[in-house]
Protein chains: 2
Amino acid sequence: MKPIDWKVTATDGEARAGILKTRRSIIETPVFMPVGTQGAVKGVRFEWLEDELDARIILGNTYHLFLRPGTDIIRKFGGLHKFTSWNRSILTDSGGFQVFSLTDLRKLTEDGVEFRSHIDGSSRFLSPEVSMEIQAALGSEIVMVFDECPPGKASIEVTKKSLDLTVRWAARSKARFTELQDSEAARFRALVAGAERDKSREELRDESRTLTGGDESRTLSGKQALFGIVQGASHLDLRKESLDRTVEIGFDGYAIGGLSVGEEKPVMYGVLEYLAPQMPADAPRYLMGVGTPEDLIVAVARGVDMFDCVIPTRNGRTGSAFTSRGKLNIRNARFADDPNPLDPDCGCSVCRRYSLGYLRHLYQAGEMSAATMISHHNLAFFLDTMRGVRQSITSGTFSRFRREFLNKLQENQEAGV
Amino acid sequence: MKPIDWKVTATDGEARAGILKTRRSIIETPVFMPVGTQGAVKGVRFEWLEDELDARIILGNTYHLFLRPGTDIIRKFGGLHKFTSWNRSILTDSGGFQVFSLTDLRKLTEDGVEFRSHIDGSSRFLSPEVSMEIQAALGSEIVMVFDECPPGKASIEVTKKSLDLTVRWAARSKARFTELQDSEAARFRALVAGAERDKSREELRDESRTLTGGDESRTLSGKQALFGIVQGASHLDLRKESLDRTVEIGFDGYAIGGLSVGEEKPVMYGVLEYLAPQMPADAPRYLMGVGTPEDLIVAVARGVDMFDCVIPTRNGRTGSAFTSRGKLNIRNARFADDPNPLDPDCGCSVCRRYSLGYLRHLYQAGEMSAATMISHHNLAFFLDTMRGVRQSITSGTFSRFRREFLNKLQENQEAGV
């Protein structure tokens, strides 16, 4: 029995539509995963994510949750799902990316990485083994290997050295992960079987049944899945080497790491064009931390299935809305008396009800509802875009969808909004 | 035809239960009105206020809306309801209180008050006439007269002088208000009759029908209602004089202003005990800007029908939750691993789902969801408390409700939370 099940349901060129089943939810791919860094998607309550936006999987950040509230608290609650009450799937990253991007002081050794918490300056340590232990305690459906992420413009020597370390860490991640699975899988089975009697678990069980169609979930092992990460910066030969050595170790899915980390856009697109089609066809391909709506479409065209990015909520907090006509900035004075919604083509609850003029007023007045509602719309736009992508792949019209979508995205820019 | 209709449905001692009908909604009293200072209830979307919390009336602040976005913008949208999309009742204050509490530089004359905007320092002017004009443009269901609000500890001489001015301003408010009503009432009737064809107005009309029970709304004039304000600080004889002179002018309802503005609690309760029962029995009595759950219960016992206060949302933003056992501070370390809800006796969507431990984590991590969810719960607690108050008045058990409610409020304090 496998921890997850992923099947291609349609292809259009290199683009794939598929169904990813985890022990907690059924996820149609290509999928955009909202980011719940600290156990919450910033500004958007789970009720909206479930009922209206219908997100089936979100991302949690091991680094942030490790530092606060800490593994002990989350373990006491019985894992991240019970702690947060989010009962659908969670993918957790390994903490590697944050250690290398958020912390300044660190000591990198073969063993792992010592760093200072960005919260209280305390000295902390992460390694492949520690990351797997934290992610086991979090109880996410998909676990990521602990990797080193070099800058996008790293030289070939630096990248090669980093890649070798990442491959060794991937092997160690898998070894420790495998050891941990029996106990964690047992814990999850107990949870699902109803050994405990609280309401949230009842709900979870009901939801698991609904989402996985009852008996089908029994074909899954109940364990966590582990994804490997391909590094190699902008060096295509190193990307290929990283891919081959990662696949050799063997994982449930494969991620592309180290993109959108400072390199130019054409470089990223070049790596995607080269790398994605070579990745195993029978496993989900996940592009980490990317990106804009354009990026998503381009990557889907290369055969990528999964995405996460903070920009829908981060931009939402700064008043920047993604729309079918491109981005707009709610602070723009031209919106002050505009009765139209953020995006006339969007059916989300924000666009159905609130005007640009009102949202601009809320933003200018410092009302947090501006941030929460623009974040909400942005997530709706990303998730709806992926629904459109899936439908077009299924109906064999992805090329047209892509062309029309990208053309329309230019409209606001051309109008000077 | 009257602009509003208010009927007592039950009394218990001096406490009254009633039904207040406006052109937009039916409101059971005693009622707590959430505060939507700048056209939004801070952190809580209208969807929650309507569907779950079932608030039938909220408050808007003339001072804030006058400064930003300004009357021109709101008039362009067709009033505050259309601007914000809140289609139930709105009460607007006159701006007087904010001018005297938020602005430092001002010139007070018989004519009105000149002040500097707290936003951009620009020089602005408010008077009874200007306030009525702004509130007519806002299109609230209940308009408040423009008053001067002296400090709670003002001397008898200062208070008397202020009271005389407030009475003269009340008469001027009514005169200008009356002039304005024909045109504004016509505008509202056009709105309701469907002269315009946009979706939000359709929804408004549907909702108006539902809430006012169709034909019954036709017994109302469609105009705004105007409430007078009784001042007099802590001087009971001046309170009585203010009441008599305000009633002599004649209003649709009467408010108690100038309480909870720096005076001691027993002083406030003394004024309420003396004043409220003397206020006209056949009109709603509104205690402005008050207060804690205890304050509300005490005031209801003296015959007050309407309340507004920012504390549910203001405290929500600082992590302070109102519960049936008293206040608790979510930052308290003892909650870090607590799986219980904010209030086990609360049925709101926050308490049904989220734990103290999770909410504390969100607060400590700086997630705005902490503020929005604790604000949401606090509003639920205030609105549910008023539902309990109304039921107990109707069933003649208000005294017992009051005793048990106030006793239970002590529990957290005694437990040292």
Within region A:254-284, take every residue that is modelled with pLDDT of 95 or more and among the hydroxyl-bearing types (S, T, Y) and give me the one that is nearest to A:L20 (Cα to Cα). A:Y254
Answer yes or no as to whether B:R56 is touching a strand residue (DSSP E or B) at 6+ places or on another chain (Cβ under 6 Å), within 28 Å of B:M368 (Cβ to Cβ) and not β-branched (V, I, T). yes
Test for A:V130: is it open to solvent by less than 50 Å² (accessible area, probe 1.4 Å) and free of Cβ contacts under 8 Å to residues at least 24 places away in the same chain: yes
Within region A:328-351, of all residues that are open to solvent by 20 Å² or more (accessible area, probe 1.4 Å) and small (G, A, S), the one nearest to the other protein chains (Cβ to nearest Cβ) is A:A336
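Could you tell me whether any residue of region A:292-302 is assigned to a loop (DSSP other than H, G, I, E, B) and within 18 Å of A:G13 (Cβ to Cβ)? Quick ask: steps written out before the conclusion?
Filtering region A:292-302 down to residues assigned to a loop (DSSP other than H, G, I, E, B) leaves A:292, A:302.
Subsequent filtering for residues that are within 18 Å of A:G13 (Cβ to Cβ) retains A:302.
For region A:292-302, residues assigned to a loop (DSSP other than H, G, I, E, B) and within 18 Å of A:G13 (Cβ to Cβ): present.
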Among the listed residues A:F251, A:F307, identify the single one that is buried (at least 19 other Cβ atoms within 10 Å of the Cβ), within 30 Å of A:D345 (Cα to Cα) and among the hydrophobic types (A, V, I, L, M, F, W, C). A:F307
I'd like to verify a number: residues in region A:34-85 that are more than 8 Å from chain B (Cβ to nearest Cβ) and either among the hydroxyl-bearing types (S, T, Y) or closer than 12 Å to B:A365 by Cβ (or both), how many? 9
Being in a helix (DSSP H, G or I) and over 27 Å from B:S324 (Cβ atoms), is that true of even one residue in region B:261-270? yes
Are any residues in region A:389-415 at pLDDT 95 or above, assigned to a helix (DSSP H, G or I) and within 16 Å of A:P344 (Cα to Cα), and if so, which ones? A:F405, A:K408
All but one of (1) within 22 Å of the chain's Cα centre (by Cα); (2) more than 11 Å from every other protein chain (Cβ to nearest Cβ); (3) in contact (Cβ under 8 Å) with a residue 40 or more places away in the chain hold for B:Q391, so report the exception by its number. (3)
Kindly indicate whether A:R302 is within 14 Å of another protein chain (Cβ to nearest Cβ), open to solvent by 10 Å² or more (accessible area, probe 1.4 Å) and within 19 Å of the chain's Cα centre (by Cα). no
Does any residue of region A:359-373 turn out to be part of a helix (DSSP H, G or I), open to solvent by 50 Å² or more (accessible area, probe 1.4 Å) and either over 20 Å from A:V310 (Cβ atoms) or within 14 Å of chain B (Cβ to nearest Cβ) (or both)? yes
Filtering region B:65-120 for residues that are of a type in the set (V, I, T), open to solvent by 10 Å² or more (accessible area, probe 1.4 Å) and not in a loop (DSSP other than H, G, I, E, B) leaves a count of 2
Output yes when any residue across region A:291-304 is closer than 18 Å to A:E241 by Cα and in contact with a helix residue (DSSP H, G or I) (Cβ under 8 Å, 6 or more places away or on another chain), and no when none is. no
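Determine if region B:310-321 includes at least one residue that is touching a helix residue (DSSP H, G or I) at 6+ places or on another chain (Cβ under 7 Å), part of a loop (DSSP other than H, G, I, E, B) and open to solvent by 20 Å² or more (accessible area, probe 1.4 Å).
No, there is no match, as no residue in region B:310-321 is touching a helix residue (DSSP H, G or I) at 6+ places or on another chain (Cβ under 7 Å), part of a loop (DSSP other than H, G, I, E, B) and open to solvent by 20 Å² or more (accessible area, probe 1.4 Å).
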Yes or no: region B:336-356 includes at least one residue that is in contact with a helix residue (DSSP H, G or I) (Cβ under 8 Å, 6 or more places away or on another chain), hydroxyl-bearing (S, T, Y), within 26 Å of B:F32 (Cα to Cα) and not in a helix (DSSP H, G or I). yes
Restricting to region B:326-369, name every residue that is touching a residue at least 40 places away in the same chain (Cβ under 8 Å) and in contact with a strand residue (DSSP E or B) (Cβ under 7 Å, 6 or more places away or on another chain). B:K327, B:L328, B:N329, B:I330
Within region B:231-260, how many residues are assigned to a helix (DSSP H, G or I), out of contact with any Gly (no Cβ under 6 Å at 6 or more places or on another chain) and more than 30 Å from B:M1 (Cβ to Cβ)? 4
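The values are calculated or read from the model by the stated rules, or taken from the named source; none is laboratory data. Since we're looking at a predicted model, the values are computed, not measured. Every residue, glycine as well, gets a Cβ built from its backbone with ideal geometry; the counts of neighbours run over all protein chains shown. In case anyone asks, the SASA skips ligands and DNA or RNA and just uses the protein heavy atoms, side chains included. Shrake-Rupley method; radii C 1.70, N 1.55, O 1.52, S 1.80 Å.
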